[in-house]
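Presented below is the structure to which this report refers.
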Amino acid sequence: MSVCVALAMLLSGCAKSPEPPPTASTRGAQLFKERCAPCHPDGGNVINPKKTLHGGVLADNGITTPAGIVARMRKPGPGMTSFDPATIPDTDAHLIAEYILATYR
């Protein structure tokens, strides 16, 4: 019987523990990489290099809050793809916006 208990203890110690769920900032970074980085690598802008995601440039264009970024995602200017709520749900859009503001300030 003690062999069975020892074997069970040994095997239970080898089990892989589940990974914790991603944090909001991790999820925002992941979504940014998937949806935004192709046109905005490192916060830049491959279409219009004058309109980057860096804090000063965003502020100069009246964008200072996550809601402002989401609004621009929903109704962008010329050259940017529009991302409606069916494409990027509001929750994900806000995570992306928060990531942008935290990363490129």
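Points to keep in mind about this one:
- Cα-centred dipole magnitude for segment 44-105, charges only on beta-carbon of K, R (+1) and D, E (-1), debye, nearest 20: 260 debye
- Oblate is the label for segment 59-105. Its Cα gyration tensor axes, ordered a ≥ b ≥ c, give a/c of at least 1.5 and b/c at or above a/b.
- Charge dipole (debye, nearest 20) of segment 29-74; +1 at Cβ of Lys and Arg, -1 at Cβ of Asp and Glu: 140 debye
- Distance (nanometres) between label positions extended 7 Å along Cα→Cβ at residue 57 and residue 102: 2.2 nm
- Relative packing of 76-82, 60-66, which averages over residues the other C-beta atoms within 10 Å, highest first: 60-66, 76-82
- Taking Lys and Arg as +1 and Asp and Glu as -1, the other residues whose beta-carbon sits under 15 Å from that of residue 74 total 0.
- Sorting the segments 43-56, 85-98 by their mean number of nearby beta carbons within 10 angstrom, highest to lowest, gives 85-98, 43-56.
- Computed lengthening from residue 23 to residue 42, 0.36 nm per intervening residue step minus Cα-Cα distance: 4.8 nm
Laboratory data are not the source of any read-out in this text; all were calculated from the coordinates shown. Values in this document were obtained by computation on a predicted structure and should not be read as measured data. Glycine gets a Cβ as well: all are built from the backbone with ideal geometry, and neighbour counts include every protein chain shown.
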